[in-house]
Amino acid sequence: MQQGTLKDIGKLFLKLGLVAFGGPAAHIAMMRDEVVQKRNWMTDNHFLDLVGATNLIPGPNSTELAIHLGKERGGWKGLLIAGLCFILPAVFITLGFAYLYKNYGQLPEIQPFIYGIKPAIIAIILSAIYPLAKTSLKSNLLIVIGILALTASFLGANEILILFGFGFLALLLKYFQTNRNQMHTLLPLSIATVSNSKLFLIFLKIGSILYGSGYVLFAFLDAELVQTGLLPRQTLIDAIAVGQFTPGPVFSSVTFIGYQMNGGMGALVSTIGIFLPSFIFVAVLNPLVKKMRDSQLFAAFLDAVNVASVALIVAICFTMGKESVTDWKTTVIMLLSLTIAFGFRKINSVWVVLGGSLAGYLLTLL
């Protein structure tokens, strides 16, 4: 039974690693579709708790969510299998592009295919976030927190301040409401490791402290590599392009960078360095999620974090819409994708992405 479960985990996250385009918000939407809707591995409430938990720690959110889901379904083996199966397809695809780039100096032309992917991904995110929003907005206080978090996000507030700020606000309100003093201290996490590779240490540090989207990752890479003279800025820009049009976690861009800097070994140590902290953080945090839910105070904190997480995803979706729905063609693709995503919920979101990609390619021929 356990072996069958682990095989199911591997197959699911290998598939997602091959087809999950569009960044963390889209990945989370696809994971919900697979584990909540199609496989009934957990409830929306439980899924939301794990989404909220991933937002509280550094690293790539969708990768950490995959690791959480693997742990919930298959224990420690499931944790490793889910994480590796989600990460490795992107790493190997990126490695292929890195090889072509280093040997031929350019990337293949893929813009016509990603033209229609982004509008389709927005539809997938909206179709997933709607039921999650209904689940998370369990009280008038949480509705107010959701509105305030969304407003703060649109005004440019830091997403970590939004998550922790509203989380602690709800915790304090619950404390004064119940007049109890049974809070337990959550110790900060730390990682100590030894390596002679400067490249490994750079990416280990980034993976250990980075909050936010892939764009924040590229700001870190610019500071650590470009401004120190270790990497040309054009290579970083090309790495960003690779991260955007390959499936799976955008953090696989560091595989591309590592290969340009030090060949295959550079790609290997960079990849391990950027993703290793995620496995450690999730391994430590996962057992605490249930304890937080069982505590009235931390349950209030987690509820508020979940609402704020939904608000942040909505804000990301709005930003993606402004950037990718720019003409009548992308508008048509998004409207068709929305109709399919909301009207035919049993259709796998993968087909929506592939359909958007094909429609984008065909429409660019007009």
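Descriptive notes on the structure:
- Residue check for N45: open to solvent by 10 Å² or more (accessible area, probe 1.4 Å) and within 16 Å of the chain's Cα centre (by Cα): no
- Note on region 17-27: residues that are open to solvent by 10 Å² or more (accessible area, probe 1.4 Å) and in contact with a Ser or Thr (Cβ under 6 Å, 6 or more places away or on another chain) amount to 1.
- Verdict on A300 being of a type in the set (A, V, I, L, M), open to solvent by less than 30 Å² (accessible area, probe 1.4 Å), at pLDDT below 85 and over 24 Å from L142 (Cβ atoms): no
- Checked against the criterion of being at pLDDT below 80, open to solvent by less than 20 Å² (accessible area, probe 1.4 Å) and either over 30 Å from K329 (Cα atoms) or in a helix (DSSP H, G or I) (or both), the candidates I121, I160 yield just one match: I121.
- Cβ pairs under 8 Å, 6+ apart, first in region 154-175 and farther than 20 Å from A300 by Cβ, second open to solvent by 60 Å² or more (accessible area, probe 1.4 Å) and outside any loop (DSSP other than H, G, I, E, B): F154/F318
- Checked against the criterion of being open to solvent by less than 10 Å² (accessible area, probe 1.4 Å) and of a type in the set (S, T, Y), region 256-274 has at least one qualifying residue.
- Test: residue in region 37-52 that is without any contact (Cβ under 8 Å) to a residue 60 or more places away in the chain and hydrophobic (A, V, I, L, M, F, W, C): yes
- Exactly one residue out of F47, F86 is assigned to a helix (DSSP H, G or I), aromatic (F, W, Y) and over 14 Å from G248 (Cα atoms), and it is F47.
- Filtering G70, G75, G59 for residues that are at positive phi and in a helix (DSSP H, G or I) leaves a single hit, G75.
- Among the residues listed as S213, S195, S208, the single one being modelled with pLDDT under 70 and under 20 Å from I272 (Cβ atoms): S195
- Some residue of region 331-351 being free of Cβ contacts under 8 Å to residues at least 12 places away in the same chain and among the aromatic types (F, W, Y): yes
- Check on N286, touching a residue at least 60 places away in the same chain (Cβ under 8 Å), surrounded by 15 or more Cβ atoms within 10 Å (Cβ to Cβ) and under 26 Å from S252 (Cβ atoms): yes
- Those residues of region 58-74 which are open to solvent by 10 Å² or more (accessible area, probe 1.4 Å) and touching a residue at least 60 places away in the same chain (Cβ under 8 Å), in sequence order: P58, K71, E72, R73
- Candidate set: region 317-349, residues that are crowded, with 19+ Cβ neighbours inside 10 Å and within 13 Å of I117 (Cα to Cα); chosen: the one nearest to the chain's Cα centre (by Cα): M320
- Hey, A170 of a type outside the set (V, I, T) and assigned to a helix (DSSP H, G or I) or not: yes
- Filtered residues of region 310-334 (kept if among the β-branched types (V, I, T) and in a helix (DSSP H, G or I)): V310, I313, V314, I316, T319, T330, T331, V332, I333
The values are calculated or read from the model by the stated rules, or taken from the named source; none is laboratory data. Keep in mind it's a predicted model, so treat the numbers as computed, not measured. We place every Cβ from the backbone using ideal geometry, glycine too, and count neighbours over all the protein chains shown. All accessible areas refer to the heavy atoms of the entire protein, side chains included, with ligands and DNA or RNA removed. Shrake-Rupley method; radii C 1.70, N 1.55, O 1.52, S 1.80 Å.
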